[in-house]
Amino acid sequence: MDPAPDADGAAIFSARLSPHRSLTPAAARKLVVAAVVASALFSLPFYLLGAWPIVGFLGLDALALGLAFRMSFRSARAYEDYCLTYLELGVARVSAGGQRREWRFNPIWVRLERGEAGPALDRLALASRGRRIEIATFLSPDEKARFAGDLGRALGEARRGRLYSL
């Protein structure tokens, strides 16, 4: 993202949010290989007894697990970039397929809206002059609360403006 630079080009706040995955791709591959080996070991007695269709169903389970991990890691390629200067807040959302959408807001007019369900923060949005976008949709409620606090403090600093000293 290339925000409009302020006088010295410095960003007040910059962040990249991406979906969390508990397994690395290497660990997921090891898990799928273990599932294939386990399926082969469990299906061998059924094959020897003549119940060969069970082999196919156990193989389908391992195949489904592999496809689920592949889809999960593909969706993890999505991310959101935030860059705040004294002049603008830039938000860029890149989907897992690579499509990029960008929004630019004046930090003086933008509002950070919080949607809370009980004690947890479940929705976060930026609103300005009739436009509203949901942000940080893939973060957990605790992560959303931390991100909202950091972004809110940075927006407050941008609204106060630059401090100059002689």
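The values are calculated or read from the model by the stated rules, or taken from the named source; none is laboratory data. Predicted, not measured: the structure shown is a model, and the values here were computed from it. All Cβ positions, glycine included, derive from the backbone under ideal geometry; neighbour counts span all protein chains shown. The area values use the complete protein model at the heavy-atom level, side chains included, leaving out ligands, DNA and RNA. Shrake-Rupley method; radii C 1.70, N 1.55, O 1.52, S 1.80 Å.
The average projected area of region 1-157, computed from the convex hull of its Cα atoms over all directions, is 13.0 nm². Largest first, the residues ILE133, ILE54 sort by 1.4 Å accessible area into ILE54, ILE133.
What the phi angles of region 131-148 give under the Karplus curve with 6.51, -1.76 and 1.60, with θ = phi - 60°, is a coupling list of 9, 9, 10, 6, 10, 6, 5, 9, 7, 6, x, 5, 5, 4, 5, 5, 5, 4 Hz, glycine and proline written as x.
Estimated purely from DSSP H runs of n ≥ 4, each contributing -39500 (n - 2.57), the mean residue ellipticity at 222 nm for the chain is -14000 deg cm²/dmol once divided by its residues. Sparsely packed loop sites in region 65-166 (the trypsin sites (Lys or Arg not before Pro) outside DSSP H, G, I, E and B with at most 15 other Cβ atoms within 10 Å) comprise ARG77, ARG129, ARG162.
The relative contact order of the chain, computed from alpha carbon pairs under 8 Å that lie at least 6 residues apart in sequence, is 22 percent. If the segment from TYR47 to ARG29 were pulled out straight at 0.36 nm per residue, it would be longer than the present Cα-Cα gap by 3.9 nm. Applying the Karplus relation 6.51 cos²θ - 1.76 cosθ + 1.60 with θ = phi - 60° to region 45-51 yields 3J(HN,Hα) values of x, 5, 5, 5, 7, x, 9 Hz, where x marks Gly and Pro. Pairing the Cα long axis of helix 53-75 with the longest principal axis of the chain, what angle in degrees results, from 0 to 90 and rounded to the nearest 10? Long axis of 53-75 versus the principal axis of the chain: about 10 degrees.
Backbone amide hydrogens, once placed in the peptide plane, bring ARG21 within less than 5 Å of nothing, excluding anything fewer than 5 places away on its chain. Only protein heavy atoms count here; on that basis, with a 1.4 Å probe, SER128 has an accessible area of about 10 Å². Amide H to amide H, with H built 1.01 Å from N, PHE13 comes under 5 Å of LEU84, counting only residues 5 or more places away or on other chains. Compute the distance from the alpha-carbon center of region 45-60 to that of region 81-130, in whole Å. Going from one Cα centre to the other spans 52 Å. Amide H contacts for ALA78 (H built 1.01 Å from N in the peptide plane; partners 5 or more residues away or on another chain; cut-off under 5 Å): ALA96. Looking at region 44-166, the accessible area is 63 square angstrom per residue; that uses a 1.4 Å probe and ignores ligands, DNA and RNA.
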